[in-house]
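Peer 1: Following this message is one structure expressed as structure tokens.
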Amino acid sequence: MKKNFGRIAAVIITLAAVFLLVNSAFVIRENQYGLVRQFGKIERVISEPGLYFKIPFIQEKGVVTKELLLYDIEKSDVITKDKKSMIVDSFVLWKVTDPKIFAQTLNTSSVNAEGRINVAVYNSIKNVISSMTQADIIAARGQELTNLIMGNLASINQYGIVISSVEIKLLDLPEDNKDAVFERMISERGNIAATYTAEGNSEAQVIRNTTDKETALLISEAEKEAEILKAEGEAQYMEIMADAYKDEMRADFYSFTRSLDAVRNAITGGNKTIILDKSSPITQIFY
């Protein structure tokens, strides 16, 4: 009887030990923070993964994710500085950086965190867009606009969380006034293009006028030089001729050769016979 009682007691003690071990041991994974509460108060924050223990029935274990989380914000209407309505659709990347503050302020609830994020991001987007005209917003779309929105989100850190990025998926005009805005933008771009074209044509005309003027001056100078050279050539020709006819023998020789040239030029075709009058100057050279 005593032997059976001892066995039963050993089994009970073993089961109790296993029960206590199961209720005191817990595992924290690499993507988790661990929280140990005692009577609702946070006693320990565990940042490293591994096997840990707590006091069973007195202490409770909780976990908070370390992972980067995505929160998709619903589309919202915002008004620009020039009173134009725009639709913004965005999403947020966020994570917990201080699990103790996160647990104390938001009770480790992602839903509560997303509610705070939604308010903070919407207010930041509204403030940024309301301070800019529609044209400025379209020009800044992308990283510049994201940086402006991120600059107003420091207050969210009081909840033990941080917003890593706010990404704009859609920044568009309402359907009812989109066509009118597009037509106005096209008209404005057309006016700008016409201005550039007119300025280009004006500059081109100035260049053409300058080129024509320079060309006319070059031609005038060339013609002037040509006339000077021509006059100099004629003067040299006259000096040569005067020098040639100054000597009687040279004058007779030149007259003779010029007469022969005249005869040669007068003979054309197959008939090489020429009939001259006795009084012809050409006839006189053969006497």
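The values are calculated or read from the model by the stated rules, or taken from the named source; none is laboratory data. All values reported here derive from a predicted model rather than from experimental measurement. Don't worry about glycine lacking a Cβ; one is built from the backbone with ideal geometry, like all the others, and counts go over all protein chains shown. With ligands, DNA and RNA removed, areas are computed over all heavy atoms of the protein, side chains included. Shrake-Rupley method; radii C 1.70, N 1.55, O 1.52, S 1.80 Å.
Peer 1: Filtering segment 105-147 down to residues that are closer than 30 Å to Val45 by Cβ and among the polar types (S, T, N, Q), which residue is most open to solvent (accessible area, probe 1.4 Å)? Give the derivation first.
Peer 2: Within segment 105-147, the subset closer than 30 Å to Val45 by Cβ is 105-121, 124.
Narrowing further to those that are among the polar types (S, T, N, Q): 105, 107-110, 112, 118, 124.
Details: Thr105: 62, Asn107: 103, Thr108: 50, Ser109: 30, Ser110: 54, Asn112: 65, Asn118: 50, Ser124: 2 Å².
Taking the candidates together, the pick is Asn107.
Peer 1: For segment 39-72, which residues satisfy the criterion of being open to solvent by 60 Å² or more (accessible area, probe 1.4 Å), part of a strand (DSSP E or B), of a type outside the set (Lys, Arg) and under 16 Å from Asn107 (Cα atoms)?
Peer 2: Within segment 39-72, Glu43, Val45, Glu60, Val63 qualify.
Peer 1: If you don't mind, there's one more thing I want to ask. Working only within segment 14-38, note down all residues that are modelled with pLDDT under 70, among the aliphatic types (A, V, I, L, M) and either open to solvent by 50 Å² or more (accessible area, probe 1.4 Å) or within 30 Å of Gln104 (Cα to Cα) (or both).
Peer 2: Once the filter is applied, which keeps residues that are modelled with pLDDT under 70, among the aliphatic types (A, V, I, L, M) and either open to solvent by 50 Å² or more (accessible area, probe 1.4 Å) or within 30 Å of Gln104 (Cα to Cα) (or both), segment 14-38 yields Leu15, Ala17, Val18, Leu20, Leu21, Val22.
Peer 1: Confirm whether Val162 is in contact with a Phe, Trp or Tyr (Cβ under 9 Å, 6 or more places away or on another chain), surrounded by 13 or more Cβ atoms within 10 Å (Cβ to Cβ) and within 17 Å of Asp89 (Cβ to Cβ). Please lay out each step first, then the result.
Peer 2: Numbers: in contact with a Phe, Trp or Tyr (Cβ under 9 Å, 6 or more places away or on another chain): yes; surrounded by 13 or more Cβ atoms within 10 Å (Cβ to Cβ): yes; within 17 Å of Asp89 (Cβ to Cβ): no.
No, not satisfied.
Peer 1: Does any residue of segment 67-81 turn out to be closer than 29 Å to Gln158 by Cα, modelled with pLDDT under 90, touching a strand residue (DSSP E or B) at 6+ places or on another chain (Cβ under 7 Å) and among the charged types (D, E, K, R)?
Peer 2: Yes: one or more hits.
Peer 1: Between Lys100, Lys95, Lys84, which is touching a residue at least 60 places away in the same chain (Cβ under 8 Å), under 18 Å from Met150 (Cα atoms) and not aliphatic (A, V, I, L, M)?
Peer 2: Values: Lys100 fails: under 18 Å from Met150 (Cα atoms); Lys84 fails: under 18 Å from Met150 (Cα atoms).
The unique qualifying residue is Lys95.
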